[in-house]
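Student: Quick one: the structure is below, questions incoming.
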Amino acid sequence: MKYVIIGNSAGAVGCVEGIRQVDKDGEITIISNEPYHTYSRPLISYLLYGKTDEQRMKYRPDSFYEDNGVKTYLGKEAVSIDKDNKKVILNDGTEICYDKLLVATGSRPFVPPMDGLDKVENKFTFMTLDDAKALEKAINKDSNVLVIGAGLIGLKCVEGICDRVKHITVMDLAERILPSILDKDGSELVRKHIEKKGVEFILGDSVAQFTSANTAVSKNGLELSFDVLVVAVGVRPNVELVKDIGGEVGRGIVTDERCRTSIPDIYAAGDCTESMDITADQMRILALLPNAYMQGETAGITMAGGTKVYDKAIPMNAIGFFGYHIITAGSYDGEEYVKKDGDSYKKLVTRDDRLVGYILIGNVERAGIYTSLIREKRPLSSIDFDLIKEKPQLMAFSKRERAKTLGGMK
Amino acid sequence: MKRIYVNEKWCLGCHLCEYYCAFANSGKDDMVKALKNITINPRIRIEEHNNISFAVSCRHCEEPLCVKSCISGALSVNDGIISINQDKCVGCFTCVLACPYGCVMPNDDGVMQKCELCTKNAGGQPYCVQGCPNKAIVFEER
Ligand SMILES: Cc1cc2nc3c(=O)[nH]c(=O)nc-3n(C[C@H](O)[C@H](O)[C@H](O)COP(=O)(O)OP(=O)(O)OC[C@H]3O[C@@H](n4cnc5c(N)ncnc54)[C@H](O)[C@@H]3O)c2cc1C
Ligand code: SF4
Ligand code: SF4
């Protein structure tokens with residue numbers, strides 16, 4: 001059996017490990033246009049922050065490809081798929097035959113059209129190791145940095161470079177930071193914390209025009225000057241390889257719960273796909289590393305003939321800034337229970353006897369117990385909800401259940 | 001594989017397992033010196049409510065969500081034991097978000113720690129088991 005994987009990140013690694021659970025011998029080939037050993041994409045901000053280095057941020061050990069019998073084409077781009085002859089064509093003309101193909105091409109930064117952007121020389125996006133290295137070269141302790149986008153990626157970038165530049169201004173069209181994962185109150189707490197580091201926020205505003213290489217005017221008429229510009233307003237899934245050959249694509253590549261696309265023998269996983277968010281009954285792109293890994297693993301096991309389904313997808317985020325931690329999961333449409341306590345904030349959202357979402361800020365201890373209630377669609381009437389509201393704890397479950405989880409009873 | 005199992009009927013709520021865990025992972029060879037004047041941060045934790053108490057530590061899951069979720073590759077499976085490479089961990093808390101039993105927590109330096117069945121310290125056998133005076137924690141193949 002010949003397995004070919006396009007991509008070399010979480011989705012791809014999950015696939016290799018999934019295949020090898022079932023098939024120890026099949027030939028595996030990885031193609032990636034990034035020239036590196038598989039690395040952890042989220043760690044690029046930690047690299048600039050000084051919390052990791054290029055060796056430690058490798059997502060798997062140096063021996064990973066050898067241990068798993070993987071042949072790699074790194075620094076090579078897949079330009080098309082020939083589905084009739086089951087071949088992947090690379091930018092240098094190489095053709096690679098597959099029996100089963102995984103597309104784990106991830107996403108790319110979205111840079112909206114902005115008037116005068118071409119005048120700006122020092123502009124960066126923040127997605128890849130090369131982006132991080134380029135940004136690192138451009139900044140110094142006298143830099144004024146303008147970051148457009150107060151979402152997860154923009155703010156992680158801010159944390160990464162904060163101690164290495166003079167000033168950072170973050171601008172977002174939204175009225176609050178991290179709008180995709182935080183409510184108004186939570187967002188304010190986190191913003192205040194980041195502001196303590198001297199970061200300035202301009203919210204509810206956007207760039208109207210770049211008037212020179214170092215200046216911009218906002219819609220609300222503010223004049224901004226900067227040395228370095230980072231654009232982090234969002235990402236777009238890399239769906240083209242599948243779309244071009246008639247594969248079904250919605251917001252992202254459409255797959256079933258075994259990660260098959262609409263084209264025979266072609267699978268997809270990770271940020272390039274859409275999945276069913278079980279807390280909102282909606283197809284969404286859940287661009288998160290754990291999801292990418294688990295989809296990849298499911299795809300790999302399925303490709304190798306095993307059985308596995310990926311049907312418990314939920315949005316979930318763990319993110320922190322300067323030692324202040326946030327964990328969120330699910331969706332926030334339902335009845336709310338809110339508790340504020342100094343720097344800590346908790347919101348639990350329930351609907352139809354289920355926990356469907358939560359926000360924890362500050363004290364995030366044992367949050368996974370909440371996540372599990374959401375993922376497993378646990379009826380709240382079957383546990384002691386008052387105890388769970390107080391804090392995540394196994395005490396809220398029945399003795400019998402604990403006898404299974406902790407006591408080893410079958 | 002041998003795992004740690006607890007029997008809550010036998011748990012006295014004495015917290016000795018927590019102290020034994022903290023000692024085993026302190027790198028010191030004298031329990032009194034290791035634990036004197038410090039707030040312990042053990043990898044096994046007692047939950048208590050009314051008259052019920054029990055110890056919770058990593059289940060070494062067959063489907064370890066922590067490992068699958070770890071963004072850095074710091075968590076891995078080695079012969080069934082779920083272990084952490086603290087040198088790689090960046091303290092992002094994604095594993096805390098993922099573990100269904102609440103068994104990973106930060107150490108005093110902000111990177112994660114978890115029960116590794118005393119495979120990396122001088123304990124040899126899980127120390128909490130040795131320390132439990134009432135055999136409420138056992139280390140067995142089941
Ligand atoms: C700064 C930053 C911080 C993040 N922080 C977190 C976090 O804290 N927690 C979290 O869960 N997630 C985080 N994410 C998201 C996480 O990185 C992604 O969800 C995850 O990397 C998705 O993995 P993937 O395998 O689907 O795709 P990707 O990691 O995007 O990898 C896709 C790979 O395919 C390659 N490729 C694409 N097209 C081709 C082609 N045609 N030919 C050859 N190769 C190709 C790409 O170059 C890339 O190497 C963060 C992302 C960023 C950018
Ligand atoms: S830390 Fe949690 S998820 Fe990971 S193996 Fe232990 S119990 Fe399972
Ligand atoms: S906190 Fe450390 S061990 Fe946990 S997911 Fe993040 S990097 Fe991995």
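Student: Among the lysines in the range A:266-390, how many pairs, 8 or more places apart or on different chains, have alpha carbons under 15 Å apart?
Tutor: Counting lysine pairs in the range A:266-390 gives 6.
Student: Can you tell me the FRET efficiency between B:Asp108 and A:Asp92 if r is taken as the Cβ-Cβ distance and R0 is 51 Å, rounded to the nearest 0.05?
Tutor: Values: r = 51 Å, r/R0 = 1.00.
Using R0 = 51 Å, I get an efficiency of 0.50.
Student: Now, a different point. About its Cα centre, how strong a charge dipole does the range A:323-405 have in debye, to the nearest 20, once Lys and Arg get +1 and Asp and Glu get -1 at the Cβ?
Tutor: 340 debye
Student: Using only DSSP helix segments of four residues or longer, with each worth -39500 (n - 2.57), what per-residue ellipticity at 222 nm results for the protein assembly as shown after dividing by its residue count and rounding to 500?
Tutor: Only helices count here, giving -6000 deg cm²/dmol.
Student: Moving to a separate point now. Please compute the contact order of chain A in relative form: average sequence separation of alpha-carbon pairs under 8 Å and at least six residues apart, divided by the residue count, as a percent. Walk me through the numbers on the way to the answer.
Tutor: Numbers: 877 pairs, mean separation 63.9, N = 410.
After rounding, I find 16 percent.
Student: What's the percent breakdown of Cα-Cα distances in the range A:1-158 across 10 Å bins, shortest bin first?
Tutor: Percent of pairs per bin, in order: 9, 33, 30, 19, 7, 1.
Student: Now for a different question. Skip the ligands, DNA and RNA, and give the accessible area per residue of the range A:334-402 with a 1.4 Å probe, whole Å².
Tutor: That works out to 46 Å² per residue.
Student: Still on this structure: So, in nm, how far is label A:Arg251 from label A:Lys389 when the simple model puts each one 7 Å beyond its Cα toward the Cβ?
Tutor: Each label point is offset 7 Å from its Cα along the Cβ direction, giving 3.1 nm.
Student: Per q in 0.12 1/Å, what log10 I(q)/I(0) does a Debye calculation on the alpha-carbon atoms of the protein assembly as shown return?
Tutor: -1.25
Student: Taking Cα pairs under 8 Å and at least six residues apart, what relative contact order does the range A:323-405 come out at, in percent?
Tutor: Across the range A:323-405, relative contact order equals 24 percent.
Student: Pop a pseudo-label 7 angstrom from the Cα along the beta-carbon direction at both A:Tyr337 and A:Lys196 and give the gap in nm to one decimal.
Tutor: According to this spin-label approximation, the distance is 2.8 nm.
Student: Hey, could you pull the Cα Rg and Dmax for the range A:117-233, both in Å?
Tutor: Rg then Dmax for the range A:117-233, in Å: 13.4, 38.
Student: Still on this structure, please answer the following. Would you mind telling me the antiparallel percentage of the DSSP bridges in the range A:1-92, rounded to 5?
Tutor: Details: 5 of 15 bridges.
Here the share of antiparallel DSSP bridges comes out near 35 percent.
Student: What is the sum of charges, Lys and Arg at +1 and Asp and Glu at -1, for the other residues whose Cβ falls under 11 Å from the Cβ of A:Gly106?
Tutor: Overall, the nearby charge balance is +1.
Student: With the full set of protein chains in place, find how many percent of the accessible area of the range A:183-330 is carbon and sulfur; take the probe as 1.4 Å.
Tutor: Ligands and nucleic acids excluded, carbon and sulfur give 46 percent.
Student: For chain A, modelled as a GNM with alpha-carbon contacts under 10 angstrom, which of A:Tyr65, A:Tyr49, A:Tyr36 fluctuates the most?
Tutor: Highest fluctuation among the options: A:Tyr36.
Student: A follow-up question, please. Which value, in square angstrom to the nearest 100, describes the accessible area buried between chains A and B on both sides, using a 1.4 angstrom probe?
Tutor: Interface between A and B: roughly 3400 Å².
Student: Modelling each spin label as a point 7 Å along the Cα-to-Cβ direction, I'd like the A:Asn144/A:Gln282 distance in nm, to one decimal.
Tutor: Reported label-point gap for A:Asn144 and A:Gln282 is 3.9 nm.
Student: State the extension gain, in nm to one decimal, for the chain segment bounded by A:Ser398 and A:Ser262, taking 0.36 nm per residue of separation less the distance between their alpha-carbons.
Tutor: Computed gain between A:Ser398 and A:Ser262 is 44.6 nm.
Student: Compute the signed sum of charges (Lys and Arg +1, Asp and Glu -1) over the other residues within less than 11 Å, Cβ to Cβ, of B:Lys88.
Tutor: +2
Student: Residues of the range B:5-141: accessible area per residue at 1.4 Å, in Å²? Write out the running numbers ahead of the final one.
Tutor: Working: 6440 Å² over 137 residues.
Roughly 47 Å² per residue, with all protein chains present.
Student: On full extension of the chain, what length is gained from A:Arg351 through A:Ser180, given 0.36 nm per residue of separation minus the C-alpha to C-alpha distance?
Tutor: Result for the pair: 59.6 nm of gain on full extension.
Student: Enter the Cα centre distance for the pair the range A:216-280 and the range B:43-61, rounded to the nearest angstrom.
Tutor: 42 Å
Student: Where Lys and Arg each count +1 and Asp and Glu each count -1, what net charge lies around A:Gly50 among other residues with Cβ under 13 Å from its Cβ?
Tutor: Here the charged neighbours net out to -2.
Student: Indicate, rounded to the nearest 5 percent, the antiparallel portion of the DSSP beta bridges found entirely in the protein assembly as shown.
Tutor: 65 percent
Student: First compute the accessible area of the range B:62-114 with a 1.4 Å probe, then give the percent of it belonging to carbon and sulfur atoms.
Tutor: Answer for the range B:62-114 is 46 percent, counting heavy atoms of protein chains only.
Student: Kindly state, to the nearest 0.05, the FRET efficiency for B:Lys135 paired with A:Gln21, given R0 = 51 Å and r defined as their beta-carbon distance.
Tutor: Between B:Lys135 and A:Gln21 the formula returns 0.90.
Student: Let me ask another. Charges on Cβ only, +1 for Lys and Arg, -1 for Asp and Glu, centred on the Cα centroid of chain A; of A:Phe210, A:Thr302, A:Val230, which one is farthest towards the dipole's positive end?
Tutor: Sorting the options by dipole projection puts first A:Thr302.
Student: Under 8 Å for C-alpha pairs, at least 6 residues apart: give me the relative contact order for the range A:77-185, rounded to a whole percent.
Tutor: With pairs under 8 Å counted, the relative contact order is 16 percent.
Student: Between A:Glu188 and A:Val79, what FRET efficiency comes out of the Förster formula 1/(1 + (r/R0)^6) with R0 = 56 Å and r the beta carbon distance, rounded to 0.05?
Tutor: 0.75
The values are calculated or read from the model by the stated rules, or taken from the named source; none is laboratory data. Just so you know, these numbers come straight off a predicted model, no measurement behind them. Here Cβ is always computed from backbone atoms with ideal geometry, including for glycine, and neighbour counts include all displayed protein chains. Note: areas computed on protein heavy atoms with side chains; ligands, DNA, RNA excluded. Shrake-Rupley method; radii C 1.70, N 1.55, O 1.52, S 1.80 Å.
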